[in-house]
1. Of the residues that sit in the range 247-269 and are in contact with an Asp or Glu (Cβ under 7 Å, 6 or more places away or on another chain) and among the aliphatic types (A, V, I, L, M), which one is farthest from Ile214 (Cα to Cα)?
2. Can you pull out every residue in the range 172-221 that is open to solvent by 60 Å² or more (accessible area, probe 1.4 Å) and in contact with a Gly (Cβ under 6 Å, 6 or more places away or on another chain)?
3. Is there a residue in the range 80-96 that is more than 30 Å from the chain's Cα centre (by Cα) and of a type in the set (Val, Ile, Thr)?
4. Out of the range 291-346, which residues are open to solvent by less than 80 Å² (accessible area, probe 1.4 Å), acidic (Asp, Glu) and under 30 Å from Ile271 (Cα atoms)?
5. Within the range 39-80, work out how many residues are surrounded by 18 or more Cβ atoms within 10 Å (Cβ to Cβ) and of a type in the set (Phe, Trp, Tyr).
6. Could you tell me which numbered condition Gln24 fails, if it satisfies all but one of (1) within 21 Å of Lys10 (Cβ to Cβ); (2) surrounded by 13 or more Cβ atoms within 10 Å (Cβ to Cβ)?
7. Taking the conditions exactly as written (assigned to a loop (DSSP other than H, G, I, E, B), more than 30 Å from Ile129 (Cβ to Cβ) and open to solvent by less than 40 Å² (accessible area, probe 1.4 Å)), does Ala36 satisfy them or not?
8. Can you pull out the residues in the range 46-67 that are at pLDDT below 95 and either in a loop (DSSP other than H, G, I, E, B) or small (Gly, Ala, Ser) (or both)?
Amino acid sequence: MKQISMSAEKIAEIVQGTICGDPQRTIDGIAGIKYAAANHLSFVGSKKYEHQLGETAAGIILICKDLAGASTENRTLIVCDNVDLAFAKMSALFAEEPPQAVPGIHPSAVIAASAVIGQNVSIGANAVIEENAVIGDNAVISALCYVGHEVKIGAGTLLYPNVTVMYRCEIGAKCIIHPGVVIGADGFGFIPGPAGLVKVPQTGIVVIGNDVEIGANTTIDRARFGKTMIKDNVKIDDQVMVAHNVIVGESSILIAQCGIAGSAELGRGVILAGKAGVNGHITIGDGCQIAGTSSVVKSLPPGQIAVGTPAETQREFLARVGLPKKVQKLDAKIKELEAKIKELSK
């Protein structure tokens, strides 16, 4: 972490927040609320974590509007419209720069003569670039990566170590692909036959748009025919499974260990929470949010929040969960009325 001395006044200017307390108080680092010292900036983004304000030693704290009345004794508070975004902005200022790849080709890299390598490209140790692959300007292909035949990788894209991109797949510009990702493995296709399971040829490709980030050990299968598509600005967490012929719309978020079965289509801005599952051949509308561990078995219109297994709308889920309590209250009321009737009949 960079050692930067910064006043509350300067921080408030950067995050466009309102100061409560001493504007001249300074910090020289950032830390989580539990581990912050008097020289640290930290944050509390929700009123439900208000108790943490009484447990921290942080000198300057970014807070939400609901906590604006909190004590400023021995600290300065900065009220922000969006605390998470504000802290992310500050974290970027204090973060050490990651190691930068140096343009050039490591002597141990294996590059086919027909491959087209752009300007200022970095290719690391033991990387393999197959026939007719095209690598755009300023791309980084880290150590031990495999770039298959006729693969296209856009300008400025970064492949961390041990990424595999299989034949004919395409990756756009300014993407970040983390270690262990496999793009373009065969989709899971088999048909029962007289002698057992018969493999269905997977003849399509994977096409990934621009500004996509894919987390470690995620797998995106090639299409049975046509394209598996990850559109622009999609962000994918670690250990996510995207099956053949899936389409993921722009700016969607896929969180750890979720899975999407073959030929499902997600609209723009969809959020799949951790371990959520989507059935094959269904459509998830723009802006839908699927809760963690939920299983979506039928298509959803735009804007739905789906919860549970099988997934249902938020209203349906709350009504079903609340039903036992309603029944208990009704049962108690019936017993009360029965007792009154019994008393009146004496």
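The values are calculated or read from the model by the stated rules, or taken from the named source; none is laboratory data. The shown structure was predicted, so the numbers you read here are calculated from the model rather than taken from an experiment. With ideal geometry, Cβ positions are generated from the backbone for all residues, glycine too; neighbour counts draw on all protein chains shown. The accessibility values were calculated without ligands, DNA or RNA, using every heavy atom of the protein model including side chains. Shrake-Rupley method; radii C 1.70, N 1.55, O 1.52, S 1.80 Å.
1. Only one residue fits best here, namely Ile247.
2. Lys174, Asn210, Asn217
3. Step one: list which residues in the range 80-96 are more than 30 Å from the chain's Cα centre (by Cα), which gives none.
No, every residue in the range 80-96 fails to be more than 30 Å from the chain's Cα centre (by Cα) and of a type in the set (Val, Ile, Thr).
4. Glu312
5. 1
6. So the condition that Gln24 fails would be (2).
7. Here the answer is yes, as Ala36 does meet what is asked.
8. Ser46, Gly54, Glu55
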